[in-house]
Structure formats: C-alpha cells, structure tokens
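A quick write-up on the structure given underneath.
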Amino acid sequence: MTSEQKQLISATVPVLKENGVLLTKHFYNRMFTHHPELKNLFNMGNQQSGKQQTALAMTVLAYAENIANPGVLMPTVDRIGNKHVSLDVRPEQYQIVGRHLIASIQEVLGDAATPEIIDAWTAAYQQLADLMSGHEATIYQAKTVAQYGWIGWRPFKVKEKVKESEEITSFYIVPADGGQVMAHIPGQYISLRVFLPELNLYQARQYSISSVPSQAYYRISVKAEKGASIDTNGLISNHLHECIKVGDIIDLTAPAGDFRLAEDLTAPVVFISGGVGLTPMISMLQNLVEKNFDYPITWLHGCRNRSVHAFKNQLDEIVNGNDRIEQYVFYDIPTEMDKLEGVMEGFLDLSKIAALPQFPGTKYYVCGPAVFIRKQYQDLIARGIEKESILFEEFGPALIQLN
C-alpha cells in the first residue's frame, strides 16, 4: 500500500465508528445472497443475534486504526486465524469475502466512496487477506506435521456419553477409522459440525476440550440450552444431547485456539470460571496435577447451585488429594449443606478471597459468560494484577475488549 492509501484508510475511521455495523450487515446479506452455500460455514445463530456483524465491524475498525502498523494486531490475527482453521476456511474464500466487502463499501457509502477510497480499501483488504491467510497457512502446516495431526473435517464416533450435571453432558469421541488423534494443548477447542434439519444447513460450533491431552480420544462437555428462543448454538448443543447417540458419527477438525495453558509456568496459577466456562479449565487443572506442578493452584468457580455444578465430585477429589490446590465455590443460592462445605453465596466475588495469589509471574485464566469475564477482569485489575497476566476465553465472536 502507498502512504497516500494508508492516509485514506485512516480518514475513514470516523465513518467506520459510526456506520461499521450497518456496513457489515449489508456485507453479510449481500454475500449470502450471492453465495448461499456459505451459510453452511458461518454460524447463523451469531448472524441472527448480530454478534458476527458487530465482531467484524470491530475488526475492520481496528485494522483501519492500525493500518500504518498492522503487526500490532497479531494477537487478534492469531485468535481469528485459529477459528478460521478450525472451520477449514481456505484462501479462495478470502477472495469471495473481499469482492463483497468492497462492493458493500461502495453501496453503503454511495458518493462518498470515491475511486481513490475504493482503490485504497481494495489494497488494504488484500494486505489483510494476505496477512490472515499467511498466518493460517502456518497453523495448517503445524497440524499437518504434528503427530497424528490432520486438516479439514474428519469423521469421529461417539464412544460414550456421561452426565456431569443436570445441564452438562460429556461426549467421549474417537476417530471413526480407529486411528489416533493429535494431543491438544489444555484450553484449546475442537470444531464440531452437524446437520440441523431446522435450518436445512450444516452448522459448526467450537467446544472446549475438557479432557487431559490424549492421543486416543477427545472429551467435550456440552450444556443443554433451555428457553423459548434458542439460537443456532443452542440448537447444536441440544442436538448433541437429544439426537446424538453412542456409536453415531460426527465431523471434527483438529484442536485449535489461542487460549492455552502456558508450558513455561514458574509461578502460581489461578483458574476463575463461571458455569460451563469450567470446561477448558478442568483440562488445564488435570494436566498440571499430572505433571506434579510445583506451585500453588487456586480454583474458583461460580454457578447457580449444586445440581448444575459439573465435575464437582471429581474436583473435590483432586483438591482433597493435593495440598497445593485451594478451591473456592460460589452458588447463587447455596443450601445449608453447601454452606457447611464452604460454598459461598452469590456471584463469584474476588473481594471475598483474601488469599488470592499475587506473586510475580502468576497467571490468571478466566472463562465464562461475557458479563462474568468483564467483572473478574475488572476485579483483578483493581487488585493490582497486570493485564498481561490475565488470559480469558470468550465463547462465540470476540466482542469483549479488555486488553
């Protein structure tokens, strides 16, 4: 890109701040009209809720704001790249997206979209597409050379279903060909694809791997969704609960994700989870226990009550068998028995944890609903924790901007 083109892109930042979501809504409608087959790739629940349009608008805005130095966006590129690889996105699909994004800019901005601005955004998009597809190529390559790694969709068989709570069921999944699987890094997810008759579409969703790294199987722990209005994500989860039986075949991609347990930990670790957000954490915790981790571990979890507290007995056993692990549990409405066991009442509140580790190098892993993540992040910052020490996983499109 020329310096003049970069200046033109920077000049469009105010327009993107005001009309970014309008632009991305127009873009998706346009692209799906011309390429309805892409509805099988994109999460239509996130489309319906507007989350995907908002996430794309935020990404385009961040790119425009940093057009002079797009390298500062590499953490975002890595997060999105992992998601794209998990959905088997290919470079040629970037060209489809580019054509419709540029056309949408022309159609939404009208006369304000001068030839110079369109040329600048065409060059800017190509730069971004090259950056993204290049990074994704390295992720694909890593999966190709990894032991038992693969790329694309691979058939797996459901070997076992285990009820973990009133809402959460674990699925133990093995390769349909009897082979082995690439061991994941604790915290990562797999993408799972099913056909939803309600939509007449294939739809994919990411589920955190809740088992320890293994070359024999993956375990995902899925929450059943309830209510009158359930989006596509809920439809997929409920489809697994209600329709998928032991022996059934489902398609998976290899483990991906940038929310990962660091391999060089030399200080205490704190896990903070809400509801089903404990699924990546249980993998991390068990992995550290298996490795005889030498530093203190603090486990904090909040949920509605005992009946929806997944892995409770297993966690109690782990904690009782390891002097280095401290556990704090919060229920919205604990029973008297819960209180006798040390359960605290209400939303998970870090101010009630006087002994929260704050040693240099301590890592804080946070996962749960968006409102939960924001509160825990703000409370950690208020206690003087450096933001670089806080890692969080947001299920769905990235809408939380904390770091």
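Tabulated results
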| item | result |
| --- | --- |
| Centre separation in Å (Cα based) which lies between segment 353-373 and segment 202-261 | 26 |
| Interatomic Cα distance distribution for segment 219-312, bins of 5 angstrom, percent | 2, 10, 17, 18, 19, 15, 10, 6, 3, 0 |
| Within-12-Å neighbourhood charge of Lys339 [Cβ basis; K, R +1; D, E -1] | -3 |
| Cα pair distances of the chain binned at 20 Å [whole percent] | 25, 55, 19, 1 |
| Cα-based Rg and Dmax for segment 296-368, where Dmax is the largest Cα-Cα distance (Å) | 12.5, 38 |
| Among the listed pairs Lys226/Lys352; Lys159/Lys223; Lys25/Lys387; Lys25/Lys363; Lys83/Lys157; Lys51/Lys143, those beyond 27 Å (Cα-Cα) | Lys226/Lys352; Lys25/Lys387; Lys25/Lys363; Lys51/Lys143 |
| Alpha-carbon Rg/Rh ratio, for segment 178-230, with Rh computed the Kirkwood way | 1.06 |
| Projected label distance in nm at Arg324 and Ala123, using a 7 Å step from Cα toward the beta-carbon | 5.5 |
| Approximate spin-label separation Glu386-Tyr295, in nm, with each point projected 7 Å along Cα-to-Cβ | 1.2 |
| Computed log₁₀ I(q)/I(0) - Debye formula, equal Cα scatterers, no solvent, segment 1-130, q 0.16, 0.23 Å⁻¹ | -0.82, -1.76 |
| Karplus (6.51, -1.76, 1.60) ³J(HN,Hα), θ = phi - 60°, over segment 136-148, in Hz, Gly and Pro reported as x | 5, 4, 5, 5, 4, 4, 4, 6, 5, 8, 5, 4, 6 |
| Protection-proxy order for peptides 238-247, 254-263, 4-13, each taking the mean of Cβ atoms within 10 Å per residue, highest first | 254-263, 4-13, 238-247 |
| CD proxy at 222 nm, helix term only [per DSSP H run n ≥ 4: -39500 (n - 2.57); per residue of the chain; nearest 500] | -13000 deg cm²/dmol |
| Calculated P(r) tail over 16 Å for segment 1-65, as whole % of Cα pairs | 52 |
| Amide H partners (placed H, <5 Å) of Phe330, local residues excluded | His301, Gly302, Cys303, Met344 |
| Integer Hz, Karplus 6.51/-1.76/1.60 couplings in order for segment 82-99, x for Gly and Pro | 4, 5, 4, 5, 5, 9, 6, 6, 10, x, 5, 6, 5, 5, 4, 4, x, 4 |
| Segment 6-65 versus segment 145-179: alpha-carbon centroid distance in Å | 33 |
| For segment 269-393, the Rg and Dmax computed from alpha carbons only, in angstrom | 13.7, 39 |
| Quotient of Cα Rg and 2.2 N^0.38 Å for segment 154-252, N being how many residues it contains | 1.04 |
| Proximal aspartates and glutamates relative to Lys245, as straight alpha-carbon distance under 12 Å, when same-chain residues fewer than 8 apart are discounted | Glu160 |
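Quick note: the coordinates plus some simple rules give every number you see, no bench work behind them. On a predicted model such as this, the values are computed, not experimentally measured, just so you know. Methodologically, a virtual Cβ is constructed for each residue, glycine included, from the backbone with ideal geometry; neighbour enumeration extends over all protein chains shown.
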